[in-house]
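The block underneath contains the structure these notes are about, expressed in structure tokens.
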Amino acid sequence: MIADLMSFNDVIVTYKTLSGGKFKIEFWDTQEGEIIGISSVLSEPDGTIKFKLPKFTGDLACKVLRLRE
């Protein structure tokens with residue numbers, strides 16, 4: 001029997017980075033191994049970034065990349 005998976009919408013992530021700057025976030029479908037969305041964000045002065053996840057069911061992976069200036 002397959003368990004019912006929960007769906008998520010309007011989820012905001014707050015993440016403390018080691019250094020500030022501009023970041024690219026890739027959102028990955030873990031079942032298909034594909035990128036399902038890309039976002040970019042500028043950190044707060046303390047290095048914190050906040051971003052909204054795309055709607056997803058089950059789970060989602062995020063890859064956060066600091067962009068060079």
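The values are calculated or read from the model by the stated rules, or taken from the named source; none is laboratory data. Just so we're clear, the structure is a prediction, and the values are computed from it rather than from any experiment. Cβ: placed from backbone, ideal geometry, glycine included. Neighbour counts: every protein chain shown. The protein model used for the area step is the full one, side chains on, heavy atoms only, and it has no ligands, DNA or RNA in it. Shrake-Rupley method; radii C 1.70, N 1.55, O 1.52, S 1.80 Å.
Points worth noting:
- So Lys52, is it in contact (Cβ under 8 Å) with a residue 12 or more places away in the chain, open to solvent by 40 Å² or more (accessible area, probe 1.4 Å) and either at positive phi or out of contact with any Phe, Trp or Tyr (no Cβ under 7 Å at 6 or more places or on another chain) (or both): yes
- Among the residues of the stretch 17-27, those identified as open to solvent by 50 Å² or more (accessible area, probe 1.4 Å) and either at pLDDT 95 or above or within 24 Å of Asp4 (Cβ to Cβ) (or both) are Lys22, Lys24.
- Odd one out for Gly37 among (1) at pLDDT 95 or above; (2) part of a loop (DSSP other than H, G, I, E, B); (3) among the small types (Gly, Ala, Ser): (2)
- Of the residues making up the stretch 28-49, those that are open to solvent by less than 80 Å² (accessible area, probe 1.4 Å) and under 22 Å from Asp4 (Cα atoms) number 4.
- Just one of (1) open to solvent by 100 Å² or more (accessible area, probe 1.4 Å); (2) at pLDDT 95 or above; (3) among the polar types (S, T, N, Q) fails for Thr14. It is (1).
- The stretch 55-69, subset open to solvent by 70 Å² or more (accessible area, probe 1.4 Å) and out of contact with any Ser or Thr (no Cβ under 9 Å at 6 or more places or on another chain), residue modelled with the lowest pLDDT: Glu69
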